[in-house]
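The block underneath contains the structure these notes are about, expressed in structure tokens.
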Amino acid sequence: MLRGLTESLRPGDRLPSSRELVRAHGVSPVTVSRALAVLAAEGRVVTRPGSGTYVARPAEARGESADLSWQTVALGDRVVDDSGVVPLLMPPPTAFADDNAIGLTSGYLNPALRPAKALTTAAARAVRRAATWGMPPLSGVPELRRWFAAEAGGDVTPADVVIAGGGQAALTQALRALAAPGAPVLVETPTYPGALAAARTLGLRAHAVPIDRDGVRPDLLAEAFAVTGARVFYCQPGPHNPTGAVLPRDRREQVLAVARAAGAFVIEDDYARYLSAPLPPSMVTLDTHGTVVHLNSLSKAVAPSLRVAGVTARGPAAHRLRAAQVVESFFVARPLQETVVELTGSPAWGRHLAALSAQIAARRDALVASLTARAPELEIHHIPQGGLHLWLRLPPDLDDAALVDAARREGVLVSPGRIFYPAEPPGPRVRVTHIAAAHTAELDEGVRRLATALRKENARARGPVTP
């Protein structure tokens, strides 16, 4: 009956309401609802919540896209730009033997390097406890907060720690809590693209502070605070992404002194604490004024989906961070928190870190050797003592985006340097990463392909030779 009704009406005509159809046909509301759902699936009607059900127009019946251009006006000119982050999150290729593209971009461990068995065992133990499926304390499971406090060191206590849903979430929450929309924030240059994306999404203005082989320069940091009036500085004390620099203890103390003089916060992103050893004490352990908000996350050292981080802060900033966590997501899923407690409390944790440290050293050395032999034109900025990346300077007449495209055509993925800068880069750079490759032979093959792309780009940049 309803099908016949739709055929008798014109496209765009409104059908009687569900209540009217119930009365007219003497059926239940459920029957009417199911009948309308069938007609909608057939493309005969379109339901518009709050308005009613209408006979579908020809374009709607054919499933053509609706005109959504009105949203451009409603959304305004704010942009959420994920272009610098998404390529870094793409899953790495796994079939070197099948000549697939080789990924030298991802900062997550190759599956063979993850402690899969230990993680599975830890998760199984965690989920067997009935309490695991209940609501955790809003700041995090006490045992996990205690562990993060001990990892930070110094006089950090569990009360100073709140658990966040991974390093990126912790960073975004810290920026949102410490800086109002439109405010300036300082970042190292180059820096982690995820920090730039988060700052821009929050409406913050990122200003660059140059670094050298020992990290951020305190003198230029002081100047940047004075010029911009910023009250937040985001930094990675090391190994820095992408350069691999490690901020020495004396510079850490100078950075804290500069920030205190400016009345500013330092967001210390300690994401690489388990990717290098030994490291100087974290800045939060040198801080007695509540200057530092310290972030420690685990996904880079364990597995991508272990989205758990510890955020250490003191004073009113700590209260605001806790409030932001609750408002944004209530709490981090307790099964994840309990899994980390089980993993880090087991003997497997120490064994994993030791094995990972050995792999990082071997892969770094193999990548350096391959680049030196196959692509000497690519200047290695710094050979880091740990971390996952090498930062490469290109010949000045090359374009990093063009080389990245050429490398992709040759079957190797690398990261363009421009995504690591808050403003115009000082010259062409690329970042290569060693940890997602299956083994050192794959790294060498990746460099061989990159060298091939480099030769072609060099030839293209020089252009035809005039006789």
Inset, instruction - Using a 10 Å cut-off on Cβ atoms, rank the peptides 106-114, 182-190, 423-431 from the highest mean neighbour count down. - result: 182-190, 106-114, 423-431
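Could the peptides 266-274, 365-373 be put in order, highest first, of the mean number of other beta-carbon atoms found within 10 Å of their residues? Show your work: numbers first, answer last.
Working: 266-274: 24.4, 365-373: 17.0.
Result, highest mean first: 266-274, 365-373.
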Inset, instruction - Calculate the spin-label point distance for ASP81 paired with SER33, positioning each point 7 Å from the Cα along the beta-carbon direction, and give it in nanometres. - result: 4.6 nm
Inset, instruction - Tell me the label-point distance for the pair GLU20, HIS382, using the 7 Å Cα-to-Cβ offset, in nm and rounded to one decimal. - result: 7.3 nm
Inset, instruction - Could you state the angle between the C-alpha long axis of helix 116-128 and the longest principal axis of the C-alpha atoms of the chain, as a value from 0 to 90 degrees rounded to the nearest 10? - result: 50 degrees
Inset, instruction - Specify which residue in the list ALA123, THR285, GLY215 is farthest towards the positive end of the charge dipole of the chain, using unit charges on the beta carbon of Lys, Arg (+1) and Asp, Glu (-1), about the Cα centre. - result: ALA123
Inset, instruction - Lys and Arg at +1, Asp and Glu at -1: add these up for the other residues within a Cβ distance under 11 Å of ASP400 and post the number. - result: +1
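Counting only DSSP beta bridges with both residues in the chain, what percent are antiparallel, rounded to the nearest 5?
Working: 24 of 42 bridges.
Of all bridge pairs located within the chain, approximately 55 percent are antiparallel.
What is the ratio of the Cα radius of gyration of segment 2-61 to 2.2 N^0.38 Å, with N the residue count, to two decimals? Mind dumping the intermediate values first?
On the way: Rg = 10.8 Å, N = 60, 2.2 N^0.38 = 10.4 Å.
Against the compact-globule rule of thumb, the ratio is 1.03.
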Legend entry - Given (1) 38, 30, 19; (2) 33, 27, 22; (3) 45, 32, 25, the label whose value is semi-axes √(5λ) of the Cα gyration tensor in Å derived from this model: (3)
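Every number in this text was worked out from the coordinates using simple rules, so none of it is lab data. Just so it is clear, the structure is predicted and the values come from calculations on it, not from any experiment. Cβ atoms come from the backbone with ideal geometry, glycine included; neighbour counts cover every protein chain shown.
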